[in-house]
Amino acid sequence: MKKIVIALCTIICINSSAQKNIVLRLNHYLNQSTFQYNQNFETDGIINKYTRLQYYLSGFELFHDGGQMTVLNNTYVLASGHITNYYLGNFPVSSLESISFDVGVDQIANSGNTTNYPASHPLGPKSPPMDWGWPSGYFFVVTNGFTDSNNDNNPDTRFELQALGDQMLSPVDQINITPVGSNDTIYIDLKVNAEKFLSGINLATAGIDHSSSTNNLIMCNNSYQMNVFETFNVTSSNDKGLTNNNFIHIDNTLSYAPTINYHFENSNKVNLKITDLNGKIHIIENNLQNEGSYFPLKEFPSGLYIVTIENGSETIYKKFNVVQ
């Protein structure tokens with residue numbers, strides 16, 4: 001009996017040591033340049049620019065440790081063109097080889113409602129909205145911007161494509177990856193060729209389209225037909241996820257609870273604090289990873305705030321505004 005107990009303890013220890021945090025890093029690009037809003041880019045020979053790019057990912061499958069597969073049930077990502085890091089969860093993975101996923105939201109979730117989730121959840125209420133109410137469901141991919149409709153190299157004709165409907169779900173097959181890891185975290189780096197979402201669409205006549213139209217189906221299917229997503233080598237000199245300086249970037253997509261994206265070169269754990277201008281502490285979080293996205297699980301009253309992040313040797317600050 002003693003040997004059995006020892007054996008069970010050994011198995012538990014091995015499984016525990018194999019648990020890893022999995023972080024998806026989506027490195028968005030436009031014609032091989034780092035993604036920026038209101039930046040001119042070319043698709044099918046036409047000049048365009050994005051004012052908004054958001055899309056859902058779901059149905060994740062991790063292929064790891066010599067042929068094993070782990071399905072990430074109920075894991076969703078709401079990706080934005082200007083955000084890189086997305087935490088997928090903690091799983092018993094030691095060596096990660098490839099990943100597959102769907103662009104969009106699975107049918108069960110798409111028949112639900114944003115009120116089933118807190119605002120901090122990817123499927124919760126968003127501002128600007130990521131749904132058209134029910135039964136219409138979530139917007140699977142949203143691309144807003146301007147296109148050059150008269151060949152003067154000035155994109156000034158508005159388009160707004162927001163894809164609805166279960167038929168828009170687009171599976172992306174296995175992508176082989178070269179993960180970057182630390183003691184407790186594996187980073188999955190993918191390159192997102194954001195201009196390819198719009199390939200094959202006449203944006204000059206697309207107009208404002210929130211529906212299950214042919215144009216929106218083309219946009220979603222481009223995810224796999226045009227290889228919007230591909231493996232990414234983080235040693236590339238233009239990887240915006242690995243800059244040479246520490247930074248804090250505030251994503252104001254949710255104006256009442258901004259997402260805080262940060263990066264420290266040093267791998268030490270960091271502490272985060274959010275205060276108002278009177279010095280009142282609203283949030284304290286300790287022992288966070290040296291880079292990532294922090295989602296406040298509370299709403300802030302209107303006003304100015306300061307986020308402070310330090311790792312014991314370096315401290316960075318960022319002011320942000322909340323408007324209710």
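Suppose we filter the range 194-229 for residues that are out of contact with any helix residue (DSSP H, G or I) (no Cβ under 9 Å at 6 or more places or on another chain), crowded, with 19+ Cβ neighbours inside 10 Å and closer than 24 Å to residue 60 by Cβ; how many remain?
1
Looking at (1) modelled with pLDDT under 95; (2) crowded, with 20+ Cβ neighbours inside 10 Å; (3) closer than 27 Å to residue 108 by Cα, can you tell me which one residue 96 breaks?
Against the list (1) modelled with pLDDT under 95; (2) crowded, with 20+ Cβ neighbours inside 10 Å; (3) closer than 27 Å to residue 108 by Cα, residue 96 comes up short only on (3).
Would you please name the residue that is modelled with the lowest pLDDT, looking only at residues in the range 167-194 that are of a type in the set (S, T, N, Q) and under 22 Å from residue 32 (Cα atoms)? So that I can check it myself, show each step before the final result.
Residues of the range 167-194 that are of a type in the set (S, T, N, Q), as a first pass: 167, 170, 174, 176, 178, 182-183, 185, 193.
Remaining after also requiring under 22 Å from residue 32 (Cα atoms): 176, 178, 193.
Values: 176: 91, 178: 84, 193: 97.
Applying the filter and picking the extreme gives 178.
Contact list please: Cβ distance under 9 Å, first residue in the range 94-119 and within 19 Å of residue 225 (Cα to Cα) and outside any strand (DSSP E or B), second residue at pLDDT below 90 and among the hydrophobic types (A, V, I, L, M, F, W, C), pairs at least six apart or on different chains.
Between residues of the range 94-119 that are within 19 Å of residue 225 (Cα to Cα) and outside any strand (DSSP E or B) and residues that are at pLDDT below 90 and among the hydrophobic types (A, V, I, L, M, F, W, C), there is no close pair.
Where in the range 1-71 are there strands (runs of 3 or more DSSP E), lying fully within it, with 2 or more residues that are under 21 Å from residue 143 (Cα atoms), modelled with pLDDT of 95 or more and not assigned by TED's automatic domain parsing to the domain that holds residue 204? Before you say what the answer is, go through the steps one by one.
Values: elements: 19-30, 41-43, 46-64.
No strands (runs of 3 or more DSSP E) qualify here.
Please enumerate the residues belonging to the range 120-139 that are surrounded by fewer than 15 Cβ atoms within 10 Å (Cβ to Cβ), touching a residue at least 24 places away in the same chain (Cβ under 8 Å) and among the aromatic types (Phe, Trp, Tyr).
none
Listed residues 222, 286, 268; which is at pLDDT 85 or above and assigned by TED's automatic domain parsing to the domain that holds residue 156?
On the way: 286 fails: assigned by TED's automatic domain parsing to the domain that holds residue 156; 268 fails: assigned by TED's automatic domain parsing to the domain that holds residue 156.
Just one listed residue meets the conditions, 222.
Does at least one position in the range 77-89 carry a residue that is over 21 Å from residue 184 (Cα atoms), touching a Phe, Trp or Tyr at 6+ places or on another chain (Cβ under 7 Å) and not hydrophobic (A, V, I, L, M, F, W, C)?
Taking every residue of the range 77-89 in turn, at least one turns out to be over 21 Å from residue 184 (Cα atoms), touching a Phe, Trp or Tyr at 6+ places or on another chain (Cβ under 7 Å) and not hydrophobic (A, V, I, L, M, F, W, C).
Suppose the filter is surrounded by fewer than 16 Cβ atoms within 10 Å (Cβ to Cβ), over 16 Å from residue 188 (Cα atoms) and assigned by TED's automatic domain parsing to the domain that holds residue 223; does residue 110 pass it? Steps first, please.
Details: surrounded by fewer than 16 Cβ atoms within 10 Å (Cβ to Cβ): no; over 16 Å from residue 188 (Cα atoms): yes; assigned by TED's automatic domain parsing to the domain that holds residue 223: yes.
Spelling it out, it is not the case that residue 110 is surrounded by fewer than 16 Cβ atoms within 10 Å (Cβ to Cβ), over 16 Å from residue 188 (Cα atoms) and assigned by TED's automatic domain parsing to the domain that holds residue 223.
If I filter the range 281-324 down to residues being among the aliphatic types (A, V, I, L, M) and without any contact (Cβ under 8 Å) to a residue 60 or more places away in the chain, which single residue comes out as surrounded by the most Cβ atoms within 10 Å (Cβ to Cβ)? Working first, answer last.
Initially, the range 281-324 is screened for residues among the aliphatic types (A, V, I, L, M), giving 281, 283-284, 288, 297, 304, 306-307, 309, 316, 322-323.
Within this subset, residues satisfying the condition of being without any contact (Cβ under 8 Å) to a residue 60 or more places away in the chain are 281, 283-284, 288, 304, 306-307.
Values: 281: 9, 283: 16, 284: 11, 288: 16, 304: 10, 306: 14, 307: 22.
Only one residue fits best here, namely 307.
Name the single residue, out of those in the range 75-93 being assigned to a strand (DSSP E or B), on the phi < 0 side of the Ramachandran plot and not aromatic (Phe, Trp, Tyr), that is surrounded by the fewest Cβ atoms within 10 Å (Cβ to Cβ). Steps first, answer last, please.
Within the range 75-93, the first condition is being assigned to a strand (DSSP E or B), and the residues that meet it are 77-80, 85-92.
Keeping just the survivors that are on the phi < 0 side of the Ramachandran plot gives 77-80, 85-88, 90-92.
Keeping just the survivors that are not aromatic (Phe, Trp, Tyr) gives 77-80, 85, 88, 90, 92.
On the way: 77: 17, 78: 19, 79: 20, 80: 19, 85: 19, 88: 20, 90: 12, 92: 15.
The qualifying residue surrounded by the fewest Cβ atoms within 10 Å (Cβ to Cβ) is 90.
The values are calculated or read from the model by the stated rules, or taken from the named source; none is laboratory data. If you're wondering where the values come from, they're calculated on a predicted model, not measured in any experiment. No Cβ is skipped: glycine too gets one built from the backbone with ideal geometry, and neighbour counts run over all protein chains shown.
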